[in-house]
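Participant: This is the structure I have questions about; it appears just below.
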Amino acid sequence: MNERILLIGSGGREHALAKALVVSPSCAKLWVAPGNPGIAREAELVSLNIGNADDVLRFCQNNDVSLVVIGPEQPLAEGLADEIRAGGFDVFGPSKAAAQVESSKGFSKDAMQRFGVPTAPYRRFTSTQRDEALMYAKQHDLPVVVKYDGLAAGKGVVVATTREEAVAAVTDMYEGVFGDDGVVIEGFLVGQEASVFAITDGTHYVTLAPAQDHKRVGDGDTGKNTGGMGAYAPAPLVTPSVLDAVRALVIEPMLRGLREEGTPFVGCLYCGIMVDDQGRPSVVEFNARFGDPETQAVLAVLEADVAALFASAARGSLNESTISNVALGYACNVVLASQGYPDAYEKGAVITGIDDAEADPYVTVFFAGTGQRGNDLITTGGRVLGVTARGTTLEEAVRRSYAACEKISYSTKMYRTDIAARAHS
Ligand code: AMP
Ligand code: GLY
């Protein structure tokens, strides 16, 4: 009971992190900035301007904070971890330089190439190479994948199955919808996707239960890409031998390479993996932080002193035997979204039924795009709630999760009905 922790963020992922931190034997106190109405049930909220490192540092100094945990990609990409470290505090989260594994697809692909990490063949085009990018996209085999070379909230990737789509994707990305960072164009990887999280101090690491996200908005993986519509863990697709391959071919060379180049990665390295029908992994993407909504499922099956684990990673003293890889059964998280997401959607619908859903002791409702209006809980985002259930089998976790989803009401409620269906059908 010694860590005084400040967690930064306000989504469903941070709600899950807050819940795991607050029950950790090593956690003496947890603050969350800015948090949300669900996180307020677990911890004390503080209204800091998280874009301003001085504000965050002042809070750390005034409150004797021992560890800062940064949830989302934006502050990491902007260098918040560096500024807090420079102020003398321990941080779980990568430096701005290491966070480029996520904030720049081009940096990430170049790093994988240098370190020999398996990934799709690619070419990188700068903000002034629009014509070259168009030419390359036109003559590439189909499908071809066009990615914006900067942060785009999970929406900067187009898998084009026709030349017209490929050209339109490149054109759109050069029109400045997201910014002017150029594009990466790469080959299409065939297989099934999984998310593997490595908690690392830059040298040592532990992996958590592999998860599978559901990125498309519609059942049967149809419609647009989203931030993620649901997840489950552990994903049977990632067998022990697939996980061994991910460790040896992806995590270890990546951590070693970044460390040797003077940009060690400290925090959670999110490995987005495509597993082919031979069980061979290739990297689809890296993220510099926990996945959302995978975290809501992964932490539900993790038995560990999460506060101690993050603190040891932040301090360069991660003990690889802190946790075993044995998961506590299965967990399924179904995201309740707002109709229209990932495009425009209405806000302000009144949410009811959460207590009823959580009457099942195996169910936890994580809050994402929610707010308070008077005494009402209302929707304020595209992804509103994450309904997680545990079970001794995946089927049981899925059944409990969907039963709980039905108890929650709001006028714009929308969700996928097939989370984890591929794994247990
Ligand atoms: P990313 O943000 O890079 O993870 O891309 C979003 C989604 O697009 C991924 O989760 C995949 O479903 C898909 N995707 C991205 N790159 C590829 C690729 N090279 N081959 C096949 N699918 C891809
Ligand atoms: N669920 C995908 C992500 O967090 O990027």
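The values are calculated or read from the model by the stated rules, or taken from the named source; none is laboratory data. Being a predicted model, the structure only gives us computed values, none of them experimental. Ideal geometry is used to build each Cβ from the backbone, glycine not excepted, and the neighbour counts take in all protein chains shown.
Participant: Would you point out which residue out of 123, 114 is part of a helix (DSSP H, G or I), touching a residue at least 12 places away in the same chain (Cβ under 8 Å) and either closer than 21 Å to residue 284 by Cα or within 15 Å of ligand 1 (Cβ to nearest atom) (or both)? Steps first, answer last, please.
Facilitator: On the way: 123 fails: part of a helix (DSSP H, G or I).
Result of the check over 123, 114: 114.
Participant: Within the bounds of the range 386-396, is there any residue that is charged (D, E, K, R), free of Cβ contacts under 8 Å to residues at least 24 places away in the same chain and more than 25 Å from residue 92 (Cβ to Cβ)? Step through it out loud before you land on a result.
Facilitator: Looking only at the range 386-396, we keep the residues that are charged (D, E, K, R), and these are 390, 395-396.
Applying the additional criterion that residues be free of Cβ contacts under 8 Å to residues at least 24 places away in the same chain yields none.
No, the conditions are met nowhere in the range 386-396.
Participant: Answer yes if at least one residue in the range 142-152 is more than 14 Å from ligand 1 (Cβ to nearest atom) and more than 24 Å from residue 340 (Cα to Cα), and no otherwise.
Facilitator: Among the residues of the range 142-152, not one is more than 14 Å from ligand 1 (Cβ to nearest atom) and more than 24 Å from residue 340 (Cα to Cα), which makes the answer no.
Participant: Under 20 Å from residue 155 (Cα atoms), within 16 Å of ligand 1 (Cβ to nearest atom) and not basic (Lys, Arg) - does that describe any residue in the range 329-337?
Facilitator: Checked against the condition, which is being under 20 Å from residue 155 (Cα atoms), within 16 Å of ligand 1 (Cβ to nearest atom) and not basic (Lys, Arg), the range 329-337 yields at least one hit.
Participant: Another question, if that's okay. What's the number of the only condition in (1) under 24 Å from residue 77 (Cα atoms); (2) in a loop (DSSP other than H, G, I, E, B); (3) away from ligand 2 (no atom under 16 Å from the Cβ) that residue 142 fails to meet?
Facilitator: Looking at each condition in turn, residue 142 falls short on (1).
Participant: I'm trying to understand the selection: among the residues of the range 382-402, which are in contact with a Ser or Thr (Cβ under 7 Å, 6 or more places away or on another chain) and either surrounded by fewer than 22 Cβ atoms within 10 Å (Cβ to Cβ) or farther than 24 Å from residue 217 by Cα (or both)?
Facilitator: Within the range 382-402, no residue meets the criteria.
Participant: List the pairs whose first member sits in the range 341-369 and is on the phi < 0 side of the Ramachandran plot, whose second member is of a type in the set (Phe, Trp, Tyr) and surrounded by 19 or more Cβ atoms within 10 Å (Cβ to Cβ), and whose Cβ atoms are under 7 Å apart, counting only residues at least 6 apart or on separate chains?
Facilitator: Within 7 Å, the pairs are 349/410; 350/410; 351/410.
Participant: Return only the number of the condition from (1) of a type outside the set (Val, Ile, Thr); (2) under 30 Å from residue 203 (Cα atoms); (3) under 21 Å from the mean Cα position of the chain (by Cα) that residue 366 does not satisfy.
Facilitator: Among (1) of a type outside the set (Val, Ile, Thr); (2) under 30 Å from residue 203 (Cα atoms); (3) under 21 Å from the mean Cα position of the chain (by Cα), the lone unmet condition for residue 366 is (2).
Participant: May I ask you to verify whether residue 267 is of a type outside the set (A, V, I, L, M) and buried (at least 23 other Cβ atoms within 10 Å of the Cβ)?
Facilitator: Values: of a type outside the set (A, V, I, L, M): yes; buried (at least 23 other Cβ atoms within 10 Å of the Cβ): yes.
Taking the combined requirement at face value, the residue satisfies it.
Participant: Scan 302, 269, 237 and give me the residue that is at negative phi and more than 16 Å from ligand 1 (Cβ to nearest atom).
Facilitator: Residue meeting the stated conditions: 302.
Participant: Give 194, 209, 198, 245 a once-over and let me know the one that is farther than 21 Å from residue 319 by Cα, within 16 Å of ligand 2 (Cβ to nearest atom) and either in contact (Cβ under 8 Å) with a residue 24 or more places away in the chain or not in a helix (DSSP H, G or I) (or both).
Facilitator: Going through 194, 209, 198, 245 in turn, the sole match is 194.
Participant: Out of curiosity, is residue 272 within 15 Å of ligand 2 (Cβ to nearest atom) and crowded, with 23+ Cβ neighbours inside 10 Å?
Facilitator: Criteria not met by residue 272.
Participant: Ok, one more. Hey, among the residues in the range 289-307 that are in a helix (DSSP H, G or I) and either of a type in the set (Ser, Thr, Tyr) or under 8 Å from the mean Cα position of the chain (by Cα) (or both), which one's surrounded by the most Cβ atoms within 10 Å (Cβ to Cβ)?
Facilitator: Step by step, filter the range 289-307, then rank; the result is 295.
Participant: Could you list, in sequence order, the residues of the range 145-187 that are within 16 Å of ligand 2 (Cβ to nearest atom) and assigned to a helix (DSSP H, G or I)?
Facilitator: Correct list: empty.
Participant: Quick check on this structure: which one of 65, 91, 101 is within 16 Å of residue 32 (Cα to Cα) and not in a loop (DSSP other than H, G, I, E, B)?
Facilitator: 91
Participant: Can you say whether residue 108 is hydroxyl-bearing (Ser, Thr, Tyr) and more than 16 Å from ligand 2 (Cβ to nearest atom), as far as the supplied structure shows?
Facilitator: So residue 108 fails the test.
Participant: Any idea how many residues of the range 272-288 are of a type in the set (D, E, K, R) and either within 13 Å of ligand 1 (Cβ to nearest atom) or within 18 Å of the chain's Cα centre (by Cα) (or both)?
Facilitator: In the first step, residues of the range 272-288 are kept if they are of a type in the set (D, E, K, R); the result is 276-277, 280, 285.
With the extra rule that they be either within 13 Å of ligand 1 (Cβ to nearest atom) or within 18 Å of the chain's Cα centre (by Cα) (or both), the set shrinks to 276, 285.
Final tally of qualifying residues: 2.
Participant: With (1) of a type outside the set (A, V, I, L, M); (2) crowded, with 20+ Cβ neighbours inside 10 Å; (3) within 16 Å of the chain's Cα centre (by Cα); (4) assigned to a strand (DSSP E or B) as the list, and residue 228 as the residue in question, which single condition is left unmet?
Facilitator: Failed condition: (4).
Participant: Conditions: (1) over 22 Å from residue 298 (Cα atoms); (2) surrounded by 17 or more Cβ atoms within 10 Å (Cβ to Cβ); (3) more than 20 Å from the chain's Cα centre (by Cα). Residue 78 meets all but one. Number of the miss?
Facilitator: (3)
Participant: Check residue 167 against each of (1) closer than 24 Å to residue 281 by Cβ; (2) modelled with pLDDT of 95 or more; (3) crowded, with 16+ Cβ neighbours inside 10 Å and name the one condition it does not meet.
Facilitator: Here residue 167 meets the rest and fails (1).
Participant: Does the range 42-60 hold any residues that are farther than 23 Å from residue 309 by Cβ and charged (D, E, K, R), and which are they?
Facilitator: Listed by number, the residues that qualify are 54, 55, 58.
Participant: Another question, if that's okay. Kindly list, by first and then second residue, each pair from a residue in the range 26-45 that is free of Cβ contacts under 8 Å to residues at least 24 places away in the same chain to a residue that is surrounded by 23 or more Cβ atoms within 10 Å (Cβ to Cβ), limited to pairs with Cβ atoms under 7 Å and residues at least 6 apart or on different chains.
Facilitator: From residues that are free of Cβ contacts under 8 Å to residues at least 24 places away in the same chain, the pairs are 45/32; 45/35; 45/39.
Participant: Given the conditions (1) acidic (Asp, Glu); (2) farther than 25 Å from residue 185 by Cβ; (3) within 16 Å of ligand 2 (Cβ to nearest atom), and given that residue 221 satisfies all but one, which numbered condition is not satisfied?
Facilitator: Every condition holds for residue 221 apart from (2).
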